[in-house]
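Engineer: Take this structure first; my questions come after.
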Amino acid sequence: MEFTEPATKRKAARKAARKSKLYRKDGIKLLLMALPFVILAFAFSYVPLFGWIYAFFDYRPGIPLSNTEFIGLENFRTMFSDPRMGPVLINTLALSLLSIATAPIPMLFAIMVSEVKSEWFKRLVQTTSTLPHYISWIIVFSLAFSMFSTEGAVNSILFKLGLSDTPVNVLGNYDRVWTVQTLLLLWKSVGWSAIIYLAAIVSIDSEQYDAARVDGAGRLRTIWHITVPSIMPTFIVLLLLSVSNLLSAGFEQYLVFSNVMIADRIEVLDLYVYRLGLVTGDYSYSTAVGIFKSVISIILLFTVNFLSKKFRGQGIV
Amino acid sequence: MSTRTIASQSGASRKRSLDWKNLAFNACNYFILSVLVIVTIYPFYYIFIYSISDSIEAQKGVFLWPAGFSLESYRTTIALPGIMDAALVSLSRTVLGTVLTVCCCSFFAYLITKDELPYRKWIYRFVLVTMYFNAGFIPWYLTMKAYGLQNNFLLYILPSALVGFNVILIKTFIEQLPVSLEESAKIDGAGYFKIFTSVIFPLSMPIIATIAVFAAVGQWNTWFDNYFLVENPKLQTLQLVLYNLLNQSSNLSNMTTDQLSRGDLVRTLTPQSIRMTITMLVTLPIVLVYPLLQRYFVKGIMLGAVKG
């Protein structure tokens, strides 16, 4: 006993050492294998961040950065006196707020679908309503153009039915830009956004519905008192997330749908950053506006996450 | 029998009013949903019947049925200069981009599940954080240029090779697999890479398929990298070709007059027909793999929801 104990101890220690040595060797091997991926993430996500320094120089394309003047926060100051900044922010906020205001529609749609008893009809509705999610904004534009342009389907149908004799230009309507764009976004996303609510509805205990029916509750009442409260948490999380994306109104959509007639009212922050940069060639100022947007977005994300933690006891990130 | 009917008469009348309400509810519900289905499907249907209509007839208006029947627009569109090249570019970026991102994300996710990996947590976080920030347009543009990715096919596939969200999904999946399988392979003397290719990767097929479908649709639909950084006409994607057609109708008439001067039969074809046909060609692959999309996307969004 007295001899074996130290012997086994030694053995165990040696084993541990061998293991840790092996461990270390494996560790280095693994580290080397992971290295290319770390470099990949660094190169494509972190390196562009160094580009933020352009915002602090009076950079012009073609002249190396070392030859350009350091101007500090000048670009950020310009932002406050930029007459275009106000309208752009209003466009961005209006389009974001409109999409937030329409956020209950996918929920309503999901409830309606879940109330359908016929399986094939349910599948038909789900399959068709999700299709627009998978196509690019360019295709959506092409479809919208065929429907709503002056020679498009809608105008010719209205004309044939004698409902209008002057073609309506939906995509070039200055006064209705925000409404049209919100409806287009809704058309593309409603079926897809509903999926998550449908899953939440499926997981509701069906006994609750049976009990309510025994008590004599109708369809609308069971929806209002059982379905809606059950999917409310999901709705709140998605709503909070969309608040944190307030300044990121969809770039591709508005780029594609922009035209001379409506450009003023569809130019959102991302679009403005692009126009300043690549069209005007003012890289420095464009970068500054981009930084402004990123910083506010991150602040919003943290705020929303903090509020969510405080009131729901759970973060959203 | 009769006594029971009398006893529950008041109940029956209440039930009848409930039935009536139920019927009204169903009628409204089915009606609204049917309208929504039509609103969603009709634009696709319209493009389809227009593209197979006789081009000249179609100008007078197409609503429910094709006006005449002709595949001339397809024949001409496919023969337009650059279309086949663009289709090839779109196809290659979809296939290569998907393969690359699946390989990178899954192998990296596997490495992250290994306890022996030093600084494991930090490496994982380093990659995940990339989901939450974005340097902005000009810094992105200048960086890609500095890497020499302008007018380079690699621009389409390299930046999206490692996606934080995909890594989370695969890592969560691998962690659920039984450890014993991996251990037995290790005892047989297999190294990490061998274990990954012969054990982990095949077992992770359900999640890999989901991510592959995600990535493929993304690749097929992405065009802004092409729009901002690639001018080389040999590297145009199909999406951008369509966008250019939509944007500059003059471009299109140029193309058709070009063909006209070459004595083709374009006289019978309108720009609208060609636009509809290209839209069909770009949408078709998505519609064809749609059943697959539905299955895997729903799975994917659910996994994401569980994580988030």
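Engineer: For A:266-279, what's the mean count of beta carbons from other chains sitting within 10 Å of each residue's beta carbon?
Structural biologist: Taking the mean over all residues of the peptide, I get 2.
Engineer: Show me the ranking of peptides A:196-202, B:63-69 by mean Cβ neighbours inside 10 Å, starting with the highest.
Structural biologist: Going by the mean number of other Cβ atoms within 10 Å, highest first, we get A:196-202, B:63-69.
Engineer: Find the Rg to Rh ratio for the protein assembly as shown, where Rh is the Kirkwood radius over alpha-carbon pairs and Rg uses the same atoms.
Structural biologist: Expressed as Rg/Rh, it is 1.03.
Engineer: Now for a separate question. Return the long-range amide H neighbours of residue A:57 (sequence gap of 5 or more, or a different chain), with a cut-off of under 5 Å between placed amide H atoms.
Structural biologist: Hits under the 5 Å cutoff: A:71.
Engineer: Roughly how many Å² of residue B:296 are accessible to a 1.4 Å probe, to the nearest 10?
Structural biologist: Its accessible surface works out to 30 Å², give or take rounding.
Engineer: Suppose accessible area is computed on protein heavy atoms with a 1.4 Å probe; arrange B:196, A:42, A:76 from highest to lowest.
Structural biologist: A:42, A:76, B:196
Engineer: Right, here's the next one. Given springs between every Cα pair under 10 Å in a Gaussian network model of chain A, which of A:91, A:67, A:173 has the largest fluctuation?
Structural biologist: A:67
Engineer: Go through region B:284-295 residue by residue and turn each phi into a ³J(HN,Hα) via Karplus (6.51, -1.76, 1.60, θ = phi - 60°); whole Hz please, and just put x for glycine and proline.
Structural biologist: Per-residue couplings from phi come out as 3, x, 5, 5, 5, 8, 4, x, 4, 4, 3, 4 Hz.
Engineer: Also, I was wondering about something else. Collect residues whose amide H, placed 1.01 Å from N in the peptide plane, falls under 5 Å from the amide H of residue B:230; neighbours closer than 5 in sequence don't count.
Structural biologist: For residue B:230, the qualifying residues are B:151.
Engineer: Still on this structure: Run lengths n ≥ 4 of DSSP H only: what is the helix-derived mean residue ellipticity at 222 nm for the protein assembly as shown, with -39500 (n - 2.57) per run over all residues, to the nearest 500?
Structural biologist: -22000 deg cm²/dmol
Engineer: Also, I was wondering about something else. Straight-line reach only, C-alpha to C-alpha below 16 angstrom: list the aspartates and glutamates that residue A:309 could link to, leaving out same-chain residues fewer than 8 apart.
Structural biologist: Output for residue A:309: empty list, no partners.
Engineer: Here is a follow-up. Go ahead and collect, in residue order, the members of region B:121-160 whose backbone nitrogen is under 20 Å from a label point 7 Å along the Cα-Cβ direction of residue A:82.
Structural biologist: Flagged as within label range: B:134-143.
Engineer: Moving on to the next point. Looking only at other chains, what is the average number of their beta-carbon atoms within 10 angstrom of each beta-carbon in B:152-159?
Structural biologist: 1
Engineer: Evaluate peptide B:113-119: per residue, the Cβ atoms of other protein chains within 10 Å of its Cβ; return the mean as an integer.
Structural biologist: Per-residue shielding by partner chains comes out at 6.
Engineer: Which pairs in the list A:25/B:171; A:188/B:171; A:29/B:114; B:121/B:186 are over 20 Å apart, alpha-carbon to alpha-carbon?
Structural biologist: Long pairs (Cα-Cα over 20 Å): A:25/B:171; A:188/B:171; B:121/B:186.
Engineer: Any chance you could look up the accessible area of residue A:187 with a 1.4 Å probe, heavy atoms only, rounded to 10 Å²?
Structural biologist: Accessible area of residue A:187: about 50 Å².
Engineer: Rounded, prolate or oblate: pick one for region B:72-303, where a ≥ b ≥ c are the square roots of the eigenvalues of its C-alpha gyration tensor, a/c under 1.5 means rounded, and failing that, prolate if a/b is larger than b/c, else oblate.
Structural biologist: prolate
Engineer: If you don't mind, another one. Give the B-A buried accessible area in Å², both sides summed, 1.4 Å probe, nearest 100.
Structural biologist: Rounded to the nearest hundred, the buried surface is 7500 Å².
Engineer: Still on this structure, I have one more. Among A:223, A:63, A:262, whose mean-square fluctuation peaks in a Gaussian network model of chain A (Cα, cutoff 10 Å)?
Structural biologist: Fluctuation is largest for A:63.
Engineer: Please list B:32, B:211 from largest to smallest accessible area, probe radius 1.4 Å, with all protein chains kept in place.
Structural biologist: B:32, B:211
Engineer: Can you return the aspartates and glutamates within cross-link range of residue B:60? Criterion is Cα-Cα under 12 Å, with same-chain partners fewer than 8 residues away left out.
Structural biologist: Of all the aspartates and glutamates, those that pass the test against residue B:60 - Cα under 12 Å, at least 8 places apart if same chain - are A:151.
Engineer: Find the centroid of the Cα atoms in region B:130-196 and in region A:254-317, then give the distance between the two in whole Å.
Structural biologist: Taking the Cα centre of each part, region B:130-196 and region A:254-317 sit 27 Å apart.
Engineer: Further question on the same structure: Spelling out what I want: for every residue of region A:36-44, take phi, set θ = phi - 60°, compute 6.51 cos²θ - 1.76 cosθ + 1.60 (Karplus), and round to whole Hz; glycine and proline get x.
Structural biologist: x, 6, 4, 4, 4, 5, 4, 5, 9
Engineer: I would also like to ask the following. Nearest 20 debye, what's the magnitude of the dipole of region A:236-317 about its Cα centre given +1 on Lys and Arg Cβ and -1 on Asp and Glu Cβ?
Structural biologist: 480
Engineer: Got the relative contact order for chain A handy, in percent, Cα pairs under 8 Å and 6 or more residues apart?
Structural biologist: In percent, rounded to a whole number, it is 25.
Engineer: Here is a follow-up. Straight-line reach only, C-alpha to C-alpha below 14 angstrom: list the aspartates and glutamates that residue B:145 could link to, leaving out same-chain residues fewer than 8 apart.
Structural biologist: Candidates past the 8-residue exclusion: B:225, B:231.
Engineer: Explain nothing, just compute: Karplus ³J(HN,Hα) = 6.51 cos²θ - 1.76 cosθ + 1.60, θ = phi - 60°, for every residue of region B:187-195 in order, whole Hz, x for Gly and Pro.
Structural biologist: Along region B:187-195, the couplings run 5, 6, x, 7, x, 4, 5, 5, 4 Hz.
Engineer: Now for a separate question. What length, rounded to one decimal in nm, is gained on full extension from residue B:114 through to residue B:28, with 0.36 nm per residue of separation minus their alpha-carbon distance?
Structural biologist: 25.4 nm
Engineer: Under a 10 Å cutoff between Cα atoms, tell me which one of A:182, A:303, A:128 has the largest fluctuation in the Gaussian network model of chain A.
Structural biologist: Of A:182, A:303, A:128, the Gaussian network model singles out A:128 as fluctuating most.
Engineer: Along the positive direction of the dipole of the protein assembly as shown (beta-carbon charges: Lys, Arg +1; Asp, Glu -1; about the Cα centre), which of A:154, A:239, B:89 reaches farthest?
Structural biologist: Comparing the listed Cα positions along the dipole, A:239 ranks first.
Engineer: Let me ask something additional. Put +1 on the Cβ of every Lys and Arg and -1 on every Asp and Glu Cβ in the protein assembly as shown; which of A:308, B:236, A:86 then has its Cα farthest towards the positive end of the dipole?
Structural biologist: A:308
Engineer: Enumerate the residues in region B:146-181 having an amide nitrogen under 15 Å from the point lying 7 Å beyond the Cα of residue B:99 toward its Cβ.
Structural biologist: B:154, B:157-158
Engineer: Moving on. How big is the dipole moment of the protein assembly as shown about its Cα centre under a simple scheme where the beta carbon of each Lys and Arg is +1, that of each Asp and Glu is -1, and everything else is neutral? Debye, nearest 20, please.
Structural biologist: It comes to approximately 2260 debye.
Engineer: Here's another thing I want to ask about it. Using +1 at the Cβ of each Lys and Arg and -1 at the Cβ of each Asp and Glu in the protein assembly as shown, identify which of B:195, A:43, B:212 lies farthest towards the dipole's positive end.
Structural biologist: So the residue we want is B:195.
The values are calculated or read from the model by the stated rules, or taken from the named source; none is laboratory data. Computed from a predicted model, the values in this text were never measured in an experiment. Every residue, glycine among them, receives a Cβ derived from its backbone with ideal geometry; neighbour counts consider all protein chains shown. Heavy atoms of the whole protein, side chains included, go into the accessibility calculation; ligands, DNA and RNA do not. Shrake-Rupley method; radii C 1.70, N 1.55, O 1.52, S 1.80 Å.
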